[in-house]
1. Checking the table Lys43/Lys115; Lys30/Lys77; Lys30/Lys102; Lys77/Lys102 against a 20 Å threshold on Cα-Cα, which pairs fail?
2. Where nothing but the Cβ of Lys and Arg (+1) and of Asp and Glu (-1) is charged, how large is the charge dipole of segment 31-93 around its Cα centre, in debye to the nearest 20?
3. Tell me, what is the percent relative contact order of the chain, built from C-alpha pairs under 8 Å that lie six or more residues apart?
4. I need the phi-derived Karplus couplings for segment 162-173: 6.51 cos²θ - 1.76 cosθ + 1.60, θ = phi - 60°, integer Hz, Gly and Pro marked x.
5. For His147, what accessible surface area do you get with a 1.4 Å probe? Give it in Å², rounded to 10.
6. When only the heavy atoms of the protein chains count and the probe is 1.4 Å, how do Lys157, Lys77, Lys54 rank by accessible area, highest first?
7. Mind checking which of Val69, Val86, Val40 has the largest fluctuation in a GNM of the chain, springs on alpha carbons under 10 Å?
8. Relative to the Cα centre, what is the charge dipole magnitude of the chain, using +1 at the beta carbon of each Lys and Arg, -1 at the beta carbon of each Asp and Glu, and rounding to the nearest 20 debye?
Amino acid sequence: MNTPVTAHSDPQPPPNLVDQRIGKYRVVRKLGEGGMGEGVLAKDHDIEREVALKRLPPNADLGRVMRFVEEIRTVGKLEHPNIVPVHDVGVDAAGRYFFVMKAIRGETLESIINKLAAGDEAMHARFPIGVRVQVFLSILNAMAYAHEQGFIHRDLKPANIMVGPFGEVTVMD
């Protein structure tokens, strides 16, 4: 039997994270940082689920804000099982633009490829040739859909593709 999670058992963010609350979201931990901004794992307290939140740095210039808004609108229009969905958008108390996406679990395709190349037996057992072909087809399906909608992914690479614990493939960024 599953025990419900209570507020008392929620993991607390490290004290060095700034703005631990962003509206109804509470930062759990930093996920990474890229050219556009930073990503954090956050808890949505309305729905009681973890989400991924991407936000611009403080005082981002207008050009960066416009590219960020374009990214939000582009990803928000693409509803496909192999493309990460956008749940929410907003501006935090510090004036930083952010958007909220499904928190994707799993491993990057880059990591999987590296482990396969290194001869990792468990990875070879999990990803025989037929499964690798299915992963590739899922990526192609996502890209074909995006192209049909008039969008081109300008940074498609193994580091921007996640493979989940059940074999689900999600194109990111």
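1. Those over the limit are Lys43/Lys115; Lys30/Lys77.
2. 200
3. Once divided by the residue count of the chain, the mean separation gives 17 percent.
4. 10, 10, x, x, 10, x, 5, 10, 10, 7, 10, 6
5. Ignoring ligands and nucleic acids, His147 comes out at about 100 Å².
6. Descending order: Lys77, Lys157, Lys54.
7. Val69
8. So the magnitude is around 120 debye.
The values are calculated or read from the model by the stated rules, or taken from the named source; none is laboratory data. Small disclaimer: the values here were computed from a predicted structure and weren't measured. Here the Cβ is made from the backbone with ideal geometry for all residues, glycine too, and neighbour counts use every protein chain on show. Accessible surface is based on the protein model in full, side chains and every heavy atom, while ligands, DNA and RNA are left aside. Shrake-Rupley method; radii C 1.70, N 1.55, O 1.52, S 1.80 Å.
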